[in-house]
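Please treat every number below as a calculation from the coordinates, not as lab data. This one's a predicted model, so the numbers in the text were calculated from it and none came from an experiment. All Cβ positions, glycine included, derive from the backbone under ideal geometry; neighbour counts span all protein chains shown.
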Amino acid sequence: MKTFKLISNTLFLASILLFGALANACSLNNKDKTRKTEVTESSADTDWFRDARFGMFVHWGLYSILGGSYNGHTLPDESLSHGKSWYSEWVQMRLEVPTKTYHDLAKQFNPVNFDADEWAREASLAGMKYLVLTSKHHDGFALWDSDVSNFDLGSSPCKRDLLGELATACRKYGLKLGFYYSHWQDWECEGGAQPDWEDKVQPSDAMFQKYWQKKSLPQVRELLERYKPDMLWFDTWSESCKEHITPKRRDELIDLIRSIKPDCLINGRICAYDPGPRVDYISAFDNEHPEKNLGRPWQTPATMYKSWAWHANDFNWKSSEQMIKLLVTNASLGGNYLLNIGPYANGKFPAPALRRLREIGAWLVANGESIYGTSPIDEIEAPSWGRLCKRANTRGTIIYAHVMDWENGTLAIPEKLGQAKSAMVLETGQKVELTQNGQAFIKPNGALDHNVATIKLIF
Ligand code: JFZ
């Protein structure tokens, strides 16, 4: 039954993504005119978000102390009812940590090595343009000293303003700042939604309303008023939240945010089953890469391995090449790539993550022009050999050809794009030979990026 529910959740969300893409990718025919079209009434300026293309997600909290294991069990552990998951930020529920034991972790949370400047610098060097930190995940622990909850940083030995330090560092490096906030599930506060599992009793609407008024809304207000984030990342993922996150509560939360910081971007997972037209960007499903441009600003939240938070036994690290290709693919469809890091409890980034950040950053040093501020080419299918992005300017159109497979060495340019006038290797400026009619380009002999080689085509 549980597997069916997760599959149905996944299919449900995939249908949202597909519907959103189809509704935007094709005009609605007559019979569809009655259907609510995918229009946006987003009032915030999303231009910076569209241009950014690449951000850092950080999952960090009490769960980082346990690193995916507890009491002789390590996630995923199928011997436990809900242990079949790599997500170490869910350790409390999935490895059945007694509530007091878990809450006592706050007494040892003291990230003495946390260096906000290092986080922001590494994100900047990786070519990331914004950073989103879990300010409160489902466990309910606030990473700041909250006035409305004692399950917070104020109850830990850490007497620093971690979020304030991060906000300062992000601004120093020109990064936009975002906070993930679990507005629906809160396993600590009476009335907060519990895991959406069959064997979990959910709070009544009246109880949820108490949590909503006592903790959820006030904490979002605290985040906005104290740290002025540029974006908020809320988390629901299917219809399972609908008894608590109603369109009414969705709009109440949006109204609150708009009243305090009108330019703060809000994601569609504030109410995944019905995001409505007022949200500013769509967050795809975890590690979900849509095949179509979703027509509105969108991003894929993605892990570097299986877990979001630090997991000492997760060795499933994706390669930098894989992640560069995912960044390129999303960009070619008008989407962003929000790539996650799970720091150790002490605040340091694990070496495999650091290495990948710097390798992706190195690629962007040479190829960033083909990603940042570019647009998708919705009117054509991606060629077999790679992906395309475009940049229109007064002097004409530039197409960036991201080559992932040189096939026979002569790569056809989709006919609809017309005839290229010239071509070069973006990184080196080396001239690339075109076929007579400018409808194809030929692999040059010089240095080519072994991940994704970018050829700049001038039309
Ligand atoms: C949610 C969080 O639960 C997770 O810990 C992480 O923060 C991620 C970015 O967002 O991920 C989920 C969890 C469960 C489902 C979907 C997304 N689900 O059961 O469909």
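Annotations for the structure displayed:
- Summed over qualifying helices (DSSP H, 4 residues or more, each -39500 (n - 2.57)) and divided by its residue number, the chain shows a 222 nm mean residue ellipticity of -8000 deg cm²/dmol.
- Taking Lys and Arg as +1 and Asp and Glu as -1, the other residues whose beta-carbon sits under 15 Å from that of PHE315 total +3.
- The range 296-414: C-alpha pair distances exceeding 22 Å, %: 42 percent
- Label-point separation in nm, SER69 to ARG391, each point 7 Å along Cα→Cβ: 4.8 nm
- Overall, the anisotropy analysis places the range 55-96 in the prolate class: the square-rooted eigenvalues a ≥ b ≥ c of its C-alpha gyration tensor yield a/c not less than 1.5, with a/b exceeding b/c.
- Derived scalar couplings ³J(HN,Hα) [the range 372-379; Karplus, 6.51 cos²θ - 1.76 cosθ + 1.60; whole Hz; x for Gly, Pro]: 5, x, 8, 10, x, 10, 5, 7
- Annotation: amide H of VAL132 within the under-5 Å range of MET56, PHE57, VAL58, GLY178, sequence separation 5 or more or interchain, hydrogens built in the peptide plane.
- Order of TRP48, TRP233 under a 10 Å beta carbon neighbour criterion, fewest first: TRP48, TRP233
- Order by protection proxy (mean Cβ within 10 Å, highest first), peptides 165-171, 302-308: 302-308, 165-171
- For the peptides 83-90, 102-109, the ranking by mean Cβ contacts within 10 Å, running from highest to lowest, is 83-90, 102-109.
- Using the Cβ of ASN367 as centre and a radius below 9 Å, the other residues enclosed give a net charge of -3, where K and R count +1 and D and E count -1.
- Note that the range 28-180 shows a convex hull volume over its alpha carbon atoms of 201 Å³ per residue.
- One compactness figure for the chain is 1.01, namely its Cα radius of gyration divided by 2.2 N^0.38 Å.
- Stokes-Einstein diffusion for the range 396-459 at 37 °C, viscosity 0.692 mPa s, with a Kirkwood radius from C-alpha pairs, works out to 282 µm²/s.
- DSSP assigns beta bridges within the chain; of those with both partners inside it, close to 45 percent run antiparallel.
- For ASP152, the residues 5 or more places off, or on other chains, whose built amide H falls under 5 Å of its own are ALA142.
- The Rg/Rh ratio of the range 90-225, with Rg taken over Cα atoms and Rh as the Kirkwood radius over Cα pairs, comes to 1.00.
- Surrounding net charge for PRO297, when Lys and Arg each add one and Asp and Glu each subtract one, Cβ distance under 11 Å: -1
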